[in-house]
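The values are calculated or read from the model by the stated rules, or taken from the named source; none is laboratory data. These figures come from a predicted structure and were not determined experimentally. Cβ placement follows ideal geometry from the backbone for every residue including glycine, while neighbour counts extend to all protein chains displayed.
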Amino acid sequence: MKKMLFAASVLSVMLASIVWALDEKQVSAKMKSAGDNMGGLRKAMGAKDMAAVSTHAKGIADAMGGGVDEFWKSMGMAKAAEWQVASHKAANDLAAAAAANNADGVRSAMGALGGTCKQCHEAHREKLADGSYKIKK
């Protein structure tokens, strides 16, 4: 009976991970959302609007969460997964610093966020002839 329950538990976890796994189209949509929020973030920073900085940073954090790191791992791109986790943390740090009106924290988190985005884009983003992008493996 214990073996049967254990097998059922393992199967449930496996099925849940298959159902919840993101595909390339979903990850591309999340990256587009992160990019849109990055544009808003830059404008908000220029205007010194900390509330808007926090809002856009939260949007980036939301886009960078929800299984994106698992997608990269499933693609055999461990470094991309590391950059994604670091980006997610930096976006959350940025949102918190902006909400606290901590200019030094905002600058630090923005540097970390921009750095991880840049590294991953250089390694894993390919611009197509029509101006769109695709994931470079």
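General remarks:
- Number of the exception - Val27 against (1) modelled with pLDDT under 95; (2) surrounded by 15 or more Cβ atoms within 10 Å (Cβ to Cβ); (3) out of contact with any strand residue (DSSP E or B) (no Cβ under 9 Å at 6 or more places or on another chain): (3)
- Just one of the listed residues (Ala51, Ala109) is over 13 Å from the mean Cα position of the chain (by Cα), assigned to a helix (DSSP H, G or I), buried (at least 17 other Cβ atoms within 10 Å of the Cβ) and without any contact (Cβ under 8 Å) to a residue 60 or more places away in the chain, and it is Ala109.
- Residue in region 30-40 that is assigned to a helix (DSSP H, G or I), touching a His at 6+ places or on another chain (Cβ under 7 Å), touching a residue at least 12 places away in the same chain (Cβ under 8 Å) and not hydrophobic (A, V, I, L, M, F, W, C) present: yes
- Any hit, region 122-137, residues being closer than 21 Å to Ala29 by Cβ and buried (at least 20 other Cβ atoms within 10 Å of the Cβ): no
- Selection count, region 58-101, where residues are buried (at least 19 other Cβ atoms within 10 Å of the Cβ) and not in a helix (DSSP H, G or I): 1
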